[in-house]
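The values are calculated or read from the model by the stated rules, or taken from the named source; none is laboratory data. Remember, predicted model here, so these are calculated numbers, not experimental data. Backbone-built Cβ (ideal geometry, glycine too); neighbour counts: all protein chains shown.
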């Protein structure tokens, strides 16, 4: 034994415990204190050794269990168990450590390990203490969990797999939630590649929180990332519907309502932002979250954060920074890939806010095995092990891919349903089972998104046939050095390539390597121009009504039609094989007449009638066949020709107002329960586009009168009215009672639904989703709107007889049509001629160069369905107005050197983009700088009395201003300020408020000649505009020390900024006025853009701009220092 070693280790261990260095203490622990050392006959020694051992062990165990509790609360369960196991090594019979270890293992769902821990506890803890320390209840809980896990050996009818693994991640989320319940706002950033299970994890977490928690879900969409305020509009609408939102101020409520009810993305860059600008939106959102979270905790799920538009990101980030001590969990979910701004945003979230970052990795082989054992009965453990390896190889641990492999095994009858779950049907796992087609398409889609340079690098890596060192890759790579790093970053962001443990590059999936090896460089690279609606998605126009298939028979030729109420023609089928046209006129107003025109019969089938693209009539028929009904179009001889060749149930839902496309549903054979696919196609069934793939049936679907959107009724526990654009992107949805029928009437959607009060006729706005009840009906299974949207056909009961009536939607009057459903097929209201709708939008040119400070007009046009072109209704947006902004007329102004996309849009479905490159030399930098160490009258003109003066303070020189409230007392700059490239005027001021009036500081940028000022009296008037910052603001002559004003004169109103933390009562405040080359004016406080003014500033070179410093400081002084004029925007 080394002399002094016992004493040395003993004191070192005590010292480590005193310093809280448990890592060192664990290294120094050798086992029981003085184990094996005994001195016979020395009772004092034995007593001292036993007491010292007990004290040291107790102290060490307390430190270990305390550290374990901290790790548990932080969500690091694995490390928490390590510390508990060390505690049990020190004191094997420590009951609390046994209990905590079992609780964590049960929380992780590791039942086998929990059983081992239970056995250890039984062997070391006296049974008399089991009930007192809760070990009995843990044993019972273990039995219950084991039984529930056994019961989970199933898959739902949709093929959804059970949620396994992710115990560590769930524990971190639960730890965050404990902070929320303690009224401390928490932040979560959950990232991972597509299909890794981010949304599933979030939903599993929120489902465990109980019904008392409010969950607000908003989602970003890729093609809406450039549409301003899109996500914020949806969020505002959902927040306003929560309990507690009524507690907001009327000002904040009106701001959120204005944004929620506004058209998405239609805020012009030069117009007033919703609610007056980002800062007022932040105030309203923070106030709303405070009010709602007072009632109940909130989880705010921002899914697919990489596609949230920049304006919404800016406001949400500012709101996150502002809200404190509220029961709110901000959960931002996003992929590693996405546009570049998302990467900056992710880093900013982590750097500037206490975000807990959780990056989901592929699930482990152990989790895959548990998943397979839960769902499928296997003949032997060996086959289960083979299947586990197979699933891991094909899926790389991606839950989405695992689900696709499961479905593939089901479809190929390798597994089949049995009572209580699924069973493996073969004697051996098939060696020839390969990657399912759906996984192949999901993986290959990653390659489709690559640029030419990234695709070329991917091909080079594939040609190596194995993981490759970066150095050897760059030596043989054909991509220029300047582009190589960008291409490599793109491949890593898109999860095409990954880093191996030995720092080599490899493909994330073998299928990607195989595909990249056989691709040429020309197959990569999307164009700069990108349309949200490709040409195949020719827009649908107004509704050609056909809710009920016509039965009976008939054929009709075109005939002269008298003037019609509501436009178009009402068409009926009748029992005797004749077709009737019923023009409905009002001569004089209020009196109805019906002209019934019988048409000769040509064939004996029921059909639906629409107007074709050339004005001809189109007839569609439902053709019976063994596999289910099919859509058929009738030729001139009345012979049905199938339109869609799929062997599935098919239903024609609508024909576009231009008559060029059909909207139809077909059975989704991918799932066992009956469900629909909603598709668009040309009249001959070609160019099919999938719009919607719900896991439930679709009740009805109709195209809007302008052909720009589709309304869909979706079956469910609560039926959903969803509005889609022509790319299938959902612009909004609304939960309703059971939907019976639906149609567009003008810009609104009429819906008949069942309610406890009976059948209701509702009118829903597709913009605001406000719903109004128009009437209560006896029968609601049919609704048809007139082509002009002024009237609707529906069924009514009169005198015990069911008949069709026409409802005037303007005055609510109902007029009997004089026909009953017993006569034949239900009516259709067919327009007289096709409607011209937008088919395509095009900007002339893929890119444009603009000089900094100059402007360039872009031309865009839409192609209509009748072959003509025009430029009506085109909206313009810029993805980065700081680089280049665009007016509503397409005038682009370069605001600083850089690149941005300018987007032209028509309606909700048509977009085109062009790349704008703003060129410019080196930034001009500082135009003027004054530290006020002396007051130069060559630079400044003093006005009013008493005059400003320079002073030397303890922290440096400063300018001091006094004055009264009657006249202008301050300085005017004699140097001119140029605005042609933009300008930033930056300074610091200090104003200690000690009274309720007669104290202020303002600095302005004026269009005027300073020599026009009266120096002695103290008067000055700008000849043009003035942009001003005023602190503090005034309301009824009372100062608000937490509020400032930012205004333009002449102008409609001032923008107020109220944030107490920006204006300390002692100390300096940084303030700046910034104007871009396009005249966009912003206020900056403490280096943060806090407000913008809706009035644009005239930056014409002929204007003469001067800086004005003005003070009203009765009883005190205003101090100003470090004034800098930058000849460019700085923020």
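Miscellaneous remarks
- Residue ranges of strands (runs of 3 or more DSSP E) in segment 965-1040 with at least 2 members in the same structural domain as residue 1073 (by TED's automatic domain parsing) and modelled with pLDDT of 80 or more: 970-973, 983-990, 999-1007, 1026-1031
Okay, residues lined up against (1) assigned to a strand (DSSP E or B); (2) modelled with pLDDT under 80:
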site	(1), (2)
779	no, yes
789	no, no
793	yes, no
796	yes, no
822	no, yes
835	no, no
839	yes, no
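- Entirely in segment 706-754, the strands (runs of 3 or more DSSP E) that have 3 or more residues that are in contact (Cβ under 8 Å) with a residue 60 or more places away in the chain, assigned by TED's automatic domain parsing to the domain that holds residue 678 and under 27 Å from residue 810 (Cα atoms): 739-745
- The set of residues in segment 913-932 being surrounded by 14 or more Cβ atoms within 10 Å (Cβ to Cβ), over 38 Å from the mean Cα position of the chain (by Cα) and over 16 Å from residue 895 (Cβ atoms) consists of 927, 928, 930, 931, 932.
- Exclusive hit being more than 33 Å from the chain's Cα centre (by Cα), at pLDDT 85 or above and on the phi < 0 side of the Ramachandran plot, set 691, 683: 683
- If you go through segment 1059-1093 and keep only what is surrounded by fewer than 17 Cβ atoms within 10 Å (Cβ to Cβ) and assigned to a strand (DSSP E or B), you end up with 1070, 1088.
- Residue within segment 258-275 that is buried (at least 20 other Cβ atoms within 10 Å of the Cβ), at pLDDT 80 or above and in contact with a helix residue (DSSP H, G or I) (Cβ under 8 Å, 6 or more places away or on another chain) present: no
- Among the conditions (1) without any contact (Cβ under 8 Å) to a residue 40 or more places away in the chain; (2) closer than 27 Å to residue 1094 by Cβ, the only one that residue 940 does not satisfy is (2).
- Residue match in segment 1047-1056 (condition: part of a strand (DSSP E or B) and within 17 Å of residue 989 (Cα to Cα)): no
- The residues listed here are 239, 209, 189; of these, the one that is outside the structural domain of residue 716 (by TED's automatic domain parsing), assigned to a helix (DSSP H, G or I), within 25 Å of the chain's Cα centre (by Cα) and modelled with pLDDT of 80 or more is 239.
- A search for C-beta distances below 6 Å between a residue of segment 770-788 that is free of Cβ contacts under 8 Å to residues at least 60 places away in the same chain and any residue that is surrounded by fewer than 16 Cβ atoms within 10 Å (Cβ to Cβ) and outside any loop (DSSP other than H, G, I, E, B), counting only pairs 6+ apart in sequence or on different chains, returns 776/758; 778/797.
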